[in-house]
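The values are calculated or read from the model by the stated rules, or taken from the named source; none is laboratory data. In this text, all values refer to a predicted model and were calculated from it rather than measured experimentally. Note that each Cβ is placed from the backbone with ideal geometry, even for glycine, and that neighbours are counted across all protein chains shown.
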Amino acid sequence: MPRIHMILALCALAALSGCGAVIVGAGGAVIADQVVEDQQGGDGLF
């Protein structure tokens, strides 16, 4: 039974680390959009 808990914990960790990359990427896109808006005016990328 403890082996199953270890496998589930590793799966959860992998899923959370994948989501973290998506969140960081989305944050970078928002910052890039703001920079483009500041430099060029208009509504930027989005």
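Among residues of region 7-30 that are part of a helix (DSSP H, G or I), those with a beta-carbon under 8 Å from a residue that is at pLDDT below 75 and surrounded by 10 or more Cβ atoms within 10 Å (Cβ to Cβ) at least six positions away or on a different chain give the pairs Ala29/Leu45. The condition (being modelled with pLDDT of 80 or more and surrounded by 10 or more Cβ atoms within 10 Å (Cβ to Cβ)) is satisfied by just one residue among Ala15, Ala9: Ala9.
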